[in-house]
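Heads up: the structure comes next, in structure tokens.
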Amino acid sequence: MERLLNFIYEYRAFFTFLFLELLCAWLVVENNQYQSTKYFNSSNQVAARLLGFSQGVREYFSLRTINEDLARENAELRRDLEQTRIQLTEATTDTARINQFDFVSAKVLANSTHLYKNFITINKGQADGLAPGMAVIGEAGAVGKIKSVSSHYAVLISLLNVDEQVSGMIKRTNHFGTVRWDGLSQRFTTLQFIPRHATPAVGDTVVTSGYNAVFPEGVMVGIIREASLRPEAPFWDIRVELAQDFGRLAFVEVVKSKLKHEKDSLEVLTIGEPK
């Protein structure tokens, strides 16, 4: 305290000068309309900039919560859309059929795209009802399936994995085959086993077929960019540009199929275990 008093005493002339300058400035602004108007306009602009900056900072730090809320809302909207699609396309009133799919939003924690066998880690697991084999979709299309789960995490096998296969269908012709990555580019995959009598064309849309009860029918996979047929080949060579950009995945939705176990059990009972 003594040092502070000594400092003020030593520079008393400067502080007196500063006080008088501020007093004069205030008197000029207070007693002159032009200076008063200019001062308040300038101060309002500065205050507006400060408030705008402060609001921007608050919005930046709230983006995580906003994104999570939007992801949950998207999952609810997708569920409602799927229920409507089933009602319209299957003309059914069976609530079990209508409500067979549920969607759980999850945040991507890790994602590889440069390997031959790529995997994705998300922040939901058994505690959220997730189990191996469940399908996963992104904002633009199919992403993959759950490979393994723990209480609070799950690891997905990505469509960018040479071991992953998904039943796909050309939307225009309804011919179905197998979507399987060839390991060449993270933006393209292949559609295999489309018979030679089919007529695929560049620009055709490829969607999930719904035959395996994992993915709902009609989930976007991509667009055909190349389609060729070699002499005497039984199947077309088809290259598909993926709808989902795996390099920018942030949130995904896990598809919970409530009727998959019933379908699989019936097929095993009737046909036997798959080889």
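Observations on the model:
- Selection count where residues are assigned to a strand (DSSP E or B) and surrounded by fewer than 19 Cβ atoms within 10 Å (Cβ to Cβ), scope segment 252-275: 1
- Residues that are surrounded by fewer than 23 Cβ atoms within 10 Å (Cβ to Cβ) and touching a residue at least 40 places away in the same chain (Cβ under 8 Å) within segment 139-156 comprise 139, 140, 141, 153, listed in sequence order.
Listed here are the residues, each with its yes/no results for (1) buried (at least 20 other Cβ atoms within 10 Å of the Cβ); (2) part of a loop (DSSP other than H, G, I, E, B); (3) of a type in the set (Asp, Glu).
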| position | (1), (2), (3) |
| --- | --- |
| 163 | no, yes, yes |
| 172 | no, yes, no |
| 189 | yes, no, no |
| 202 | no, yes, no |
| 212 | no, yes, no |
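- Test for residue 169: is it more than 22 Å from the chain's Cα centre (by Cα) and either at pLDDT 95 or above or not acidic (Asp, Glu) (or both): yes
The values are calculated or read from the model by the stated rules, or taken from the named source; none is laboratory data. No experiment lies behind these values; they were computed from the predicted model shown. Neighbour counts are summed over all protein chains in view; Cβ atoms, including those assigned to glycine, are modelled from backbone coordinates with ideal geometry.
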